[in-house]
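Here the structure is laid out as structure tokens; the discussion comes afterwards.
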């Protein structure tokens, strides 16, 4: 308790590989992570972003955490701590969900995977790993269910883009053609047996996330084999910069930005992942009250109509110049070639077409509320 | 990367090329590389007064917003209008894609700036951190 520890920055098993490739590294939630790879190898945020929209890119996402719940009451435990309905999951299926505080605000958003009859895997955010694990453990004590923190057991690599399936199929014996979006499979991958592969991601594109042993040698070998196998598809390594612009175009929330412990489900517009017909889950009561009381602010998409880029934390002003809200995430959108943002504004100003301003360096710059997601991937005719 | 010897440099990564009483200002190759894909350049209007060491504009990459600092005091005589529509030119040719031209108020201010060799040493140290 009394020992004073210097804040250490954490590294994934692929850290040396990123350095070797010349990646620009940044601290992200206590992790030293690649933000982008060098222009000299065809990278940079814009090229990485475009590769994922049109071909394939790979990301080291080992900083994400993993919590396994297993036991005869694992389903009841997951139902209690998450807002989506896990009873709908078949074995091998996954769903987007969230862990809520009793106030109806967010502990974190998660992907819940049902791996077996009584076995679930929650994939959680890097910045909230310890908090999430403690929270899950403390809130599931009454269930016959073991809670394990597997966060350090895996190197997690995301392979994303319309060509991701073609790339991954070259290095695994699992038949990926039968794996639907938000389903998982297992198979041999780069010679490693029984590797978990989920058709999930954070790019608003088709793709997979794979979970391999976390030792440096295996991690580096698989990373390099993926890059080699993807050469014919123009694969590039991608950093957190492109990950952010890709998820923003798809309006996928980021903890600490669109969702947090002061924002509730209704404000965040995540209603369709929150199953109020479930009789009980942490946060349900508060959400019922919040709905009855009326939702005051809403998360909207903005597109800049005048020259300027909205950034995280910038103020949103109404037409008269009064401060009415704030930008949660803002950036140029490399694929859409527009300057876009997500922002909280009063419900009265949330209708598509409403003109607002974003304060940039003291000036109100024109923007308009637009439909979201900004980007939707084209439907494939399968 | 070699830095042209026909100009001087600031520790904030601007370059200034002096020609008599006037000068041309841009950002260095090191700066463009650190910023990444540049998508926005905002410069003051012709006639604006710049003060050495003070901000006079903004350059933004996909990820970051960065201030431009005036290497010297003076009056803006021309801005590079190309950069409004093609800011990526700063990435491809940082030492050619100038941002403003100005007349110098006090050329003596330039003595405090870095030579090409000193700037190269400075960024090597900065990059090493």
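The values are calculated or read from the model by the stated rules, or taken from the named source; none is laboratory data. In this text, all values refer to a predicted model and were calculated from it rather than measured experimentally. Backbone-built Cβ (ideal geometry, glycine too); neighbour counts: all protein chains shown.
Scanning region A:336-354 for residues that are away from every other protein chain (no Cβ under 12 Å) and either surrounded by fewer than 20 Cβ atoms within 10 Å (Cβ to Cβ) or not in a strand (DSSP E or B) (or both) gives A:336, A:346, A:347, A:348, A:349, A:350, A:351, A:352, A:353, A:354. The residues listed here are A:221, A:129, A:247, A:243; of these, the one that is under 28 Å from residue A:23 (Cβ atoms), modelled with pLDDT under 95 and either within 17 Å of the chain's Cα centre (by Cα) or outside any loop (DSSP other than H, G, I, E, B) (or both) is A:129. Inside region B:53-78, can you point out the residues that are buried (at least 20 other Cβ atoms within 10 Å of the Cβ) and away from every other protein chain (no Cβ under 14 Å)? If the condition is that a residue be buried (at least 20 other Cβ atoms within 10 Å of the Cβ) and away from every other protein chain (no Cβ under 14 Å), then B:69, B:70, B:71, B:72, B:74, B:76 are the ones that fit. If you check residue A:261 against the conditions, is it surrounded by fewer than 18 Cβ atoms within 10 Å (Cβ to Cβ), in contact with a helix residue (DSSP H, G or I) (Cβ under 8 Å, 6 or more places away or on another chain), within 22 Å of residue A:124 (Cα to Cα) and modelled with pLDDT of 95 or more? So residue A:261 does not fit the description; no.
For region A:164-195, filtering for residues that are touching a residue at least 60 places away in the same chain (Cβ under 8 Å) and either assigned to a strand (DSSP E or B) or within 21 Å of residue A:215 (Cβ to Cβ) (or both) leaves 3.
Out of all the residues in region B:104-129, which are surrounded by fewer than 16 Cβ atoms within 10 Å (Cβ to Cβ) and outside any helix (DSSP H, G or I)? Scanning region B:104-129 gives B:106, B:115, B:129. For region A:237-252, name all the residues that are crowded, with 24+ Cβ neighbours inside 10 Å and more than 14 Å from chain B (Cβ to nearest Cβ). Across region A:237-252, the qualifying residue is only A:237.
Among the residues of region A:308-320 satisfying the criterion of being in a loop (DSSP other than H, G, I, E, B) and modelled with pLDDT of 95 or more, which is farthest from the other protein chains (Cβ to nearest Cβ)? For region A:308-320, the residue satisfying everything is A:318.
Of all residues in region A:134-163, those being over 24 Å from residue A:215 (Cα atoms) and touching a helix residue (DSSP H, G or I) at 6+ places or on another chain (Cβ under 9 Å) number 12.
Among the residues of region A:136-145, how many are under 23 Å from residue A:256 (Cβ atoms), in contact (Cβ under 8 Å) with a residue 24 or more places away in the chain and surrounded by fewer than 20 Cβ atoms within 10 Å (Cβ to Cβ)?
Here the count works out to 1.
Being surrounded by 14 or more Cβ atoms within 10 Å (Cβ to Cβ) and either away from every other protein chain (no Cβ under 14 Å) or out of contact with any helix residue (DSSP H, G or I) (no Cβ under 8 Å at 6 or more places or on another chain) (or both) is a description that applies to residue B:10. Within region A:260-281, the set of residues being touching a strand residue (DSSP E or B) at 6+ places or on another chain (Cβ under 6 Å), farther than 17 Å from residue A:81 by Cα and not in a loop (DSSP other than H, G, I, E, B) comprises A:267, A:268.
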